[in-house]
Amino acid sequence: MYSLQVKDQRMHFSASHFLRFCGDCEHLHGHNYTLEVFITGPLNEDGMIMDFKEVKEMIVKICKTLDHKVMLPGQSTSIDVKSEGGFIEVTAATKRYVFPEEDCIVLPTKSTTAELLANYIHGHLQFPSDYRVKVCVSESAGSTGCYED
């Protein structure tokens with residue numbers, strides 16, 4: 001079996017988030033996230049799994065939807081996220097935030113950890129069913145979460 005590792009300077013986004021029950025991470029903060037994708041699969045008639053450019057374009061497209069957003073967990077049991085009148089109201093324990101809706105992305109996740117972001121991004125990639133795909137999201141050098149099917 002053959003594999004690719006795809007990493008590009010355009011495969012990144014800057015976003016803010018906060019986590020519950022995580023010390024300093026409970027404060028609203030941001031990261032300059034970078035992505036890396038590993039693909040294992042058969043070679044095509046041109047002798048490659050797929051064109052690097054195709055993979056990069058898919059990832060950059062997803063990154064643009066997350067870039068400069070406040071990422072919020074839509075399935076959290078400890079963070080309440082409500083949309084009303086063009087604003088997103090977020091309640092987490094004793095904290096309450098109100099953001100313009102256009103500045104937020106509510107993700108179908110229970111948290112906004114690097115691991116769950118990797119899973120979310122993985123779910124938006126389309127590869128043939130006989131390919132194995134691993135997506136890694138780094139918050140900073142040495143702090144990376146991955147999801148692999």
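The values are calculated or read from the model by the stated rules, or taken from the named source; none is laboratory data. Keep in mind it's a predicted model, so treat the numbers as computed, not measured. All Cβ positions, even for glycine, are placed from backbone atoms using ideal geometry, and neighbour counts span all protein chains on display.
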Completion exercise
Checking Lys56, Lys82, Lys64 in turn, the sole residue that is exposed (fewer than 13 other Cβ atoms within 10 Å of the Cβ), closer than 21 Å to Met11 by Cβ and at pLDDT 95 or above turns out to be Lys64
Handout entry: Qualifying residues in segment 85-102 (those that are free of Cβ contacts under 8 Å to residues at least 24 places away in the same chain and within 19 Å of Phe13 (Cβ to Cβ)) - the one surrounded by the most Cβ atoms within 10 Å (Cβ to Cβ)
Key = Ile88
Problem - Index of the failed condition, Leu116 passing every other in (1) in contact with a strand residue (DSSP E or B) (Cβ under 6 Å, 6 or more places away or on another chain); (2) closer than 19 Å to Glu26 by Cα; (3) buried (at least 16 other Cβ atoms within 10 Å of the Cβ); (4) at pLDDT 95 or above - result: (1)
Practice task
Please work out if Ile121 is surrounded by 15 or more Cβ atoms within 10 Å (Cβ to Cβ) and assigned to a loop (DSSP other than H, G, I, E, B).
Solution key: no
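Kindly indicate which of Thr65, Thr91 is over 18 Å from the mean Cα position of the chain (by Cα), of a type in the set (S, T, N, Q) and more than 18 Å from Ser143 (Cα to Cα). Explain how you work it out, then say what you get.
Details: Thr65 fails: over 18 Å from the mean Cα position of the chain (by Cα).
Only one candidate passes the filter, namely Thr91.
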Handout entry: Test: Gly47 is on the phi > 0 side of the Ramachandran plot and not in a helix (DSSP H, G or I)
Key = yes
Fill in the blank from the handout: Taking segment 125-149 and keeping residues assigned to a strand (DSSP E or B), within 15 Å of Thr113 (Cα to Cα) and not acidic (Asp, Glu) leaves Val135, Cys136, Val137, Ser138, Ser140, Ser143, Thr144, Gly145, Cys146, Tyr147
